[in-house]
1. Within the set of pairs 6+ apart or on separate chains, which have a first residue in segment 30-46 that is touching a residue at least 40 places away in the same chain (Cβ under 8 Å) and of a type in the set (S, T, N, Q), a second that is in a loop (DSSP other than H, G, I, E, B) and open to solvent by 10 Å² or more (accessible area, probe 1.4 Å), and C-beta atoms under 8 Å apart?
2. From (1) in contact with a helix residue (DSSP H, G or I) (Cβ under 6 Å, 6 or more places away or on another chain); (2) open to solvent by 20 Å² or more (accessible area, probe 1.4 Å); (3) over 22 Å from P60 (Cα atoms), pick out the condition that doesn't hold for P104.
3. Name the residues in segment 107-133 that are farther than 18 Å from I150 by Cβ and either open to solvent by 60 Å² or more (accessible area, probe 1.4 Å) or touching a Gly at 6+ places or on another chain (Cβ under 8 Å) (or both), would you?
4. Residues of segment 47-80 being farther than 22 Å from Q204 by Cα, among the β-branched types (V, I, T) and open to solvent by less than 10 Å² (accessible area, probe 1.4 Å), which ones?
5. Please go through segment 1-36 and give me each residue that is among the charged types (D, E, K, R), in a helix (DSSP H, G or I) and more than 18 Å from the chain's Cα centre (by Cα), ordered by number.
6. Determine if segment 10-33 includes at least one residue that is in contact with a helix residue (DSSP H, G or I) (Cβ under 9 Å, 6 or more places away or on another chain) and under 20 Å from G178 (Cα atoms).
7. Please work out if I150 is buried (at least 23 other Cβ atoms within 10 Å of the Cβ), closer than 21 Å to K69 by Cα and touching an Asp or Glu at 6+ places or on another chain (Cβ under 9 Å).
8. From I28, I17, I35, I59, grab the single residue that is under 25 Å from I105 (Cβ atoms) and among the β-branched types (V, I, T).
Amino acid sequence: METFNELELSPEMHRAITELGYTKPSQIQSEALPILLNEDTDFLGLAATGTGKTAAFGIPLLEKIHGHKKVVQGLIMCPTRELALQVCGQINLLGKYKGIKALPIYGGAGYEEQIRGLKSGSQVVVGTPGRLIDHLEKGTLKLKDVTTIILDEADEMISMGFKEDLETLLEATNREIGKIWLFSATMSPEVHRVADKYLVDPKQVKVNKKEMLSTTVEQIFFPTRESDKPEILCK
């Protein structure tokens, strides 16, 4: 796939993509989008951070959302507050002309605004596992209508100790209608176990198999003593 025009997208999505300046899909996008847009399937995508995974799952997620239904239909789990906010912002830009907005749910922020957003009928929720569990237990987050569950940076979530929360959330969804799309930079044994347990006959896309770091990210390091790190970082 050379351009996004090759995909059968809604006019609203085409407009949003054009405004964002997307022209040539990244490798994960060109391989994942035709599958996720056209097939009702669980999915396993292995690709490095910074390779365009958010658009790879965000575009098909938004195309599957029923705009008239004011219930949570898409659930995106992220390992950190920062990533949740980043993903939420990207989803909102992609869903701009479809009238679909994502709601960020994360720890360290007040509950009131999050509860208000959930009660208003947000169709996509992007959150960290711990706070999502809190809302699930409070009854403010209802997952029975979720048709797409996305695990973003699944390896990071598991390495940070969220495996139990992640599994609780997966088990709270209606697996008869909900499909799981798992995205990860690496396929650790723990990620493998989660995939084997919850994904049913998933389609798979693997890019950057040998080098799991994005070639578009420049990395710089400065050798230093531990005690000097704060000062050098500030400089």
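1. Partner pairs satisfying both residue conditions: T41/D201; T41/P202.
2. Evaluating P104 over (1) in contact with a helix residue (DSSP H, G or I) (Cβ under 6 Å, 6 or more places away or on another chain); (2) open to solvent by 20 Å² or more (accessible area, probe 1.4 Å); (3) over 22 Å from P60 (Cα atoms) leaves (3) as the failure.
3. G107, G108, Y111, E112, E113, R116, K119, S120
4. Selection gives nothing.
5. Those that are among the charged types (D, E, K, R), in a helix (DSSP H, G or I) and more than 18 Å from the chain's Cα centre (by Cα): E6, E12, R15, E19.
6. So far as segment 10-33 goes, yes, one or more of its residues are in contact with a helix residue (DSSP H, G or I) (Cβ under 9 Å, 6 or more places away or on another chain) and under 20 Å from G178 (Cα atoms).
7. No: the conditions fail for I150.
8. Sole residue among the options that is under 25 Å from I105 (Cβ atoms) and among the β-branched types (V, I, T): I59.
The values are calculated or read from the model by the stated rules, or taken from the named source; none is laboratory data. These numbers come from a predicted model, not from an experiment. Cβ sites come from the backbone with ideal geometry, for glycine too, and all protein chains shown count toward neighbours. Ligands, DNA and RNA are stripped out before the accessible areas are found, and what is left, the full protein with its side chains, is counted by its heavy atoms. Shrake-Rupley method; radii C 1.70, N 1.55, O 1.52, S 1.80 Å.
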